[in-house]
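The values are calculated or read from the model by the stated rules, or taken from the named source; none is laboratory data. This structure is a prediction, so every number in the text was calculated from the model and none was measured. When we count neighbours, we look across all protein chains shown, and the Cβ atoms used for this are built from the backbone with ideal geometry, even at glycine. Please note that ligands, DNA and RNA were not included when accessible areas were found on the heavy atoms of the full protein model with its side chains. Shrake-Rupley method; radii C 1.70, N 1.55, O 1.52, S 1.80 Å.
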Amino acid sequence: MAIQHPQDLFLLQLAEMYDIEQKLAQVLPELARETQDPQARQAFLEHEQETRQHVLNIQQCFQILGRQPVAMENHAVKGLKQDHDTFIQQHPPQDILTLFDLSAGSQSEYLEMAYYQSLIDAANTLGYQQCVPLFQQNLQQEMAAAQKLATISHQLSMKSAQSAHGV
Ligand SMILES: [Fe+2]
Ligand SMILES: [Fe+2]
């Protein structure tokens, strides 16, 4: 893909977002299986459902633009997955693994938020307004998911700290 114009950058970032959402739709159920904490599991599974809709919303934006959906590999999510796989080789206890997964989940939400903010801004500037509500719906759900993961993480880290101190 030759990148010469703002439209090309928009399409590149849309294609990267398509890859990110598809990868996360695979990773979230894996995280849900990995944790024994019911709240964390529930949060990962609920966001998996939302993420499946995010994939469809991006497909719809491609359709609005009269283009076939294409995915361009995003290395940030791949890197998060690799870090996770390295971490797990150290056989962390369950509560620490869940805290790690919640943090990794938050990192992916902030990455998504940054992409959607850029995409919304570019769509408004370039006259692709029909895509904006689709991006906004995704962005709102990423923000809510990040907040939920942070709350669960806070509660679990308090619990882990207390049991580590024998309280
Ligand atoms: Fe998403
Ligand atoms: Fe997300």
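For the range 77-87, the count of residues that are among the small types (Gly, Ala, Ser) and either farther than 20 Å from LEU12 by Cα or within 16 Å of ligand 2 (Cβ to nearest atom) (or both) is zero. For first residues located in the range 80-96 and within 23 Å of MET158 (Cα to Cα), partners that are open to solvent by 80 Å² or more (accessible area, probe 1.4 Å) and lie 6+ apart or on another chain with Cβ distances below 7 Å form the pairs GLN94/GLN36. Here ASP85 fulfils each of the conditions (1) of a type in the set (Asp, Glu); (2) within 12 Å of ligand 1 (Cβ to nearest atom); (3) exposed (fewer than 15 other Cβ atoms within 10 Å of the Cβ) apart from (2). Only one entry in SER103, SER108 is within 14 Å of the chain's Cα centre (by Cα), surrounded by fewer than 17 Cβ atoms within 10 Å (Cβ to Cβ) and among the polar types (S, T, N, Q), namely SER103.
Inside the range 2-20, residues that are open to solvent by less than 10 Å² (accessible area, probe 1.4 Å) and touching a residue at least 60 places away in the same chain (Cβ under 8 Å) make up a count of 4. Of the helices (runs of 4 or more DSSP H) that lie entirely inside the range 3-104, those containing 3 or more residues that are closer than 18 Å to GLU142 by Cα and at pLDDT 95 or above span 6-34, 38-64. Only one entry in GLN130, GLN147, GLN141 is within 16 Å of ligand 2 (Cβ to nearest atom) and touching a residue at least 24 places away in the same chain (Cβ under 8 Å), namely GLN141.
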